[in-house]
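The numbers here are math on the coordinates, done by the rules we state, and not lab data. Only a predicted model underlies this, so the values are computations on that prediction, with no experimental measurement involved. Methodologically, a virtual Cβ is constructed for each residue, glycine included, from the backbone with ideal geometry; neighbour enumeration extends over all protein chains shown.
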Amino acid sequence: MVSLDAIADALVDPGWVEIPGFLSEREADALLTHAKARRDDFSRAGIGRAGLHQLNAAIRSDEVLWLDKEDGADSLAWHRLEELRAVLNQALFLGLAELECHLAVYPEGSFYARHIDQHRNQDTRVITVVLYLNPDWRDEHGGELRLYLDDGTHRDIRPEAGKLVVFMSDRFEHEVLPAKRERWSLTGWYRRRAV
Ligand code: OGA
Ligand code: MN
């Protein structure tokens, strides 16, 4: 069992953490099956902020399906991420008011160029969570999450089933390297209330 308190500690320092086995393979597979069943409802993801929504294939080529509470309430992943939100609020006093999330599929050959999830103080996203759903993901499949660290180095994280990555949304630039196989995930943000 993953310690949620350890995730809170890691967010204080170094500000990010990777947790293999946050979901078991079976749990990840159930969510993957659900995502695939809804494949026709996914649409091309946009970029931009403050309501300025645009599509730009040069920046990202994934497709997403936003989840609402009704979809999410019965999903184990949603429940586990809500548990984590409660622990983070208790430990870190961040005032994380809600979880917003979407499923994402990166068709073969797609990617997401280097970016940051929160444009400083212009967004209510505080913490990013990414949960991967791909069984048997191997190095040659590419599609790593490349996280740019404070010291100028980067870390490449393989998007394997059940793994959760958590990081401070305003602090780490990151990108998704081109995936050579269809790549599935759930991405979420713990948000504070807009003031
Ligand atoms: C995002 C994102 C990373 C990933 O959706 O903003 O950066 O590994 N996703 O899927
Ligand atoms: Mn991102």
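Remarks
- The lysines within cross-link reach of LYS69, meaning a Cα-to-Cα straight distance under 24 Å and a gap of 8 or more places when in the same chain, are LYS36, LYS163.
- Dividing the convex hull volume of the alpha-carbon atoms in region 64-109 by its residue count gives 98 Å³ per residue.
- Normalised size of region 103-195, defined as Cα radius of gyration per 2.2 N^0.38 Å with N residues, equals 1.09.
- Calculated on C-alpha atoms, the gyration radius of the chain divided by its Kirkwood radius gives an Rg/Rh of 0.93.
- Of LYS69, LYS163, LYS36, the sequence from fewest to most neighbouring Cβ atoms within 10 angstrom is LYS69, LYS36, LYS163.
- For the chain, a crude dipole built from +1 on the beta carbon of Lys and Arg and -1 on the beta carbon of Asp and Glu, taken about the Cα centre, is about 460 debye to the nearest 20.
- Value of [θ]222 nm, deg cm²/dmol, for the chain, DSSP H segments ≥ 4, -39500 (n - 2.57) each, nearest 500: -7000 deg cm²/dmol
- With the highest mean first, a sort of the peptides 148-161, 176-189 on other beta-carbon atoms found within 10 angstrom per residue produces 176-189, 148-161.
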